[in-house]
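To start, the structure under review is shown below, and the notes come after it.
The values are calculated or read from the model by the stated rules, or taken from the named source; none is laboratory data. Bear in mind that the values here come from a model prediction, so they are computed numbers and not experimental data. Virtual Cβ from ideal backbone geometry, glycine too; neighbours counted across all protein chains shown. For the accessible areas, the whole protein counts, side chains as well, though only heavy atoms, and no ligand, DNA or RNA atoms are used. Shrake-Rupley method; radii C 1.70, N 1.55, O 1.52, S 1.80 Å.
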Amino acid sequence: MLLALTARAQQYVGFEGMVHLPTADMDTVGVARVGAHYIPKLMMPEKMVLDKEKFNSLTNYLSITPFRWIQLGYGYTLWKFHQDLKPKNKTGFYAKDRYFSVKLQIINEDQWWPSVAVGGNDVWGSDDEGESGSNYLKNCYVALSKHVDLGGHRIGGHLVYRHWSENFNHKWNGVLGGVTFQPSFYKPLRLMGEWDGNGVNIGADCRVFKYFLIQCSLQEMQSFSAGLSLYIHLL
């Protein structure tokens, strides 16, 4: 059995959204998500490097929607280092960049108005010069989302203003946007295209049964990314 839902994930942090962009959509009340997402180096912050080179990585996350208007998450991105920080030693994922995420929906979508949400990733952590050296993924945003049904198809338009705290992520700043499409003949499938401030990303995700979400995408039309999320219904 397949379950069709209108909202899907900005899956690398476990939130409702698109590929790299957040949206104003919210998850179902009482749902928690646990998942992992493969992140190509094209999507990694410029300062997360090994031997001055960026690397492919993996995120893991846990998120929950306790009320209709708020979504909370905790996650981390694996960071590759030389073992014991010695250049001659082998390399591996010996560290994590941890972060908390939050999204608040301040206006709910209706027939005439889009939904409006504010949020951020890596919302609590030390400065870049602090002991943990965090904030590599710190950003805040305002998002608007509106959906229409045309001939049974569901089309969503999403507009975002996003600001990243660190200058090395400035390429993703500014006014961003994207479009989502759910075909009438197979509602569990969603196709999407977005502008993230630096390039065009395309992707697709599919809700399988009521417990799993699979997402695949191309970052800037060249780098593959994918993830799997498990939905846990707490209510």
Study note, to complete from the structure: If we keep only residues of segment 212-235 that are outside any loop (DSSP other than H, G, I, E, B) and open to solvent by 70 Å² or more (accessible area, probe 1.4 Å), then the residue farthest from GLY178 (Cα to Cα) is HIS233
Exercise for review: Could you tell me whether SER184 is crowded, with 17+ Cβ neighbours inside 10 Å, of a type in the set (Ser, Thr, Tyr) and touching a Gly at 6+ places or on another chain (Cβ under 8 Å)?
Suggested key: no
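May I ask you to say which residue of ALA36, ALA24 is closer than 27 Å to ASN173 by Cα, in contact (Cβ under 8 Å) with a residue 40 or more places away in the chain, among the hydrophobic types (A, V, I, L, M, F, W, C) and in a strand (DSSP E or B)?
Working: ALA24 fails: in a strand (DSSP E or B).
From the options ALA36, ALA24, the qualifying one is ALA36.
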Review point. What number of residues within segment 203-221 are without any contact (Cβ under 8 Å) to a residue 40 or more places away in the chain and out of contact with any His (no Cβ under 9 Å at 6 or more places or on another chain)?
Key: 7
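Out of curiosity, is ASP149 in a strand (DSSP E or B) and in contact (Cβ under 8 Å) with a residue 24 or more places away in the chain? Talk me through it step by step, then tell me what you get.
Working: in a strand (DSSP E or B): yes; in contact (Cβ under 8 Å) with a residue 24 or more places away in the chain: no.
The answer is no for ASP149.
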**Study point:** Qualifying position, being aromatic (Phe, Trp, Tyr), in contact (Cβ under 8 Å) with a residue 24 or more places away in the chain and surrounded by fewer than 18 Cβ atoms within 10 Å (Cβ to Cβ), among TRP124, TRP112
**Key:** TRP124
Practice item. Return a yes/no flag: does segment 69-78 have any residue that is of a type in the set (A, V, I, L, M, F, W, C), under 19 Å from ASN169 (Cα atoms) and in contact with a strand residue (DSSP E or B) (Cβ under 9 Å, 6 or more places away or on another chain). Key: yes
Review point. Within segment 6-21, restricting attention to residues that are more than 18 Å from GLY197 (Cβ to Cβ) and assigned to a loop (DSSP other than H, G, I, E, B), which residue is modelled with the highest pLDDT?
Key: GLY14
Check your understanding: Any idea how many residues of segment 168-211 are part of a strand (DSSP E or B), hydroxyl-bearing (Ser, Thr, Tyr) and either touching a Pro at 6+ places or on another chain (Cβ under 7 Å) or at pLDDT below 95 (or both)?
Key -> 0
Exercise for review: Among residues belonging to segment 83-102 that are outside any strand (DSSP E or B) and touching a helix residue (DSSP H, G or I) at 6+ places or on another chain (Cβ under 8 Å), point out the one that is surrounded by the most Cβ atoms within 10 Å (Cβ to Cβ).
Suggested key: ASN89
Review point. Within segment 68-82, can one find any residue that is touching a Pro at 6+ places or on another chain (Cβ under 9 Å), hydrophobic (A, V, I, L, M, F, W, C), closer than 18 Å to GLN11 by Cα and open to solvent by 60 Å² or more (accessible area, probe 1.4 Å)?
Key: yes
Exercise for review: Please work out which residue is most open to solvent (accessible area, probe 1.4 Å), limiting yourself to segment 21-67 and to residues that are within 22 Å of TYR136 (Cα to Cα) and small (Gly, Ala, Ser).
Suggested key: ALA36
Practice item. Consider GLN105 carefully, then state whether it is in a strand (DSSP E or B), free of Cβ contacts under 8 Å to residues at least 60 places away in the same chain and not charged (D, E, K, R). Key: no
Exercise for review: Write out, first by first residue and then by second, each pair whose Cβ atoms fall under 9 Å of each other, whose residues are 6+ apart or on separate chains, and whose first residue, in segment 174-186, is within 18 Å of ASN198 (Cβ to Cβ) while the second is in a strand (DSSP E or B) and of a type in the set (Lys, Arg).
Suggested key: GLY174/ARG162; VAL175/ARG162; LEU176/ARG162
